[in-house]
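Where a number appears in this text, it was derived from the coordinates with a stated rule and is not lab data. This is a predicted model, so every value here is computed, not measured. Counting neighbours? That spans all protein chains shown, and the Cβs are built from the backbone with ideal geometry, glycine included.
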Amino acid sequence: MDAEDYTVGAVAGLTGVSVRTLHHYDETGLVRPGGRTAAGYRLYSPQDLQRLQRLLHAMNDRVPAGDPAVMDLAEEHRQHTDRWYHDCGHEMHRQRADDGQDHPAAGRARR
């Protein structure tokens, strides 16, 4: 652990972003921490914090005019979010279909 690295809890406290949201950003690859402790805890470098800050600015419509790096980051976030919602929708549809097959009323409705 470098003296400049931050734990996920510290990053959440500094930025106001929940720990769960930071975990989601890591899982989707949007903002990944640069390191981990020996126990596997996330460690964010100053560069990771800069990327997170650019993302937060872009999401809050405080995008500097003509800053392509921030615009690319905002588009990347939109794509990750769209993909996540799409995947969740498919999973919910599959679960509903599975539930309907086992539901007693489903058999009566088909008669």
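Under 1.5 on a/c is rounded, so check that first for the stretch 1-51, then, if it is not, pick prolate when a/b is larger than b/c and oblate when it is not; a ≥ b ≥ c are the square roots of the alpha carbon gyration tensor eigenvalues. Rounded, because the longest to shortest axis ratio a/c is under 1.5. Which FRET efficiency, nearest 0.05, do His86 and Ser18 yield, Cβ-Cβ r, R0 25 Å? So the FRET efficiency works out to roughly 0.65.
Here the label points at Arg36 and Leu56, each 7 Å from Cα along the C-beta direction, are separated by 2.5 nm in the simple model.
Run the numbers for Thr28 and Asp72: contour at 0.36 nm per residue of separation, minus the present Cα-Cα distance, in nm. Write down the numbers at each step before the final one.
On the way: separation 44, 0.36 × 44 = 15.84 nm, distance 1.59 nm.
Contour length minus the Cα-Cα distance gives 14.3 nm.
Relative protection proxy for 49-58, 26-35, from highest mean packing down: 49-58, 26-35 (other beta-carbon atoms within 10 angstrom).
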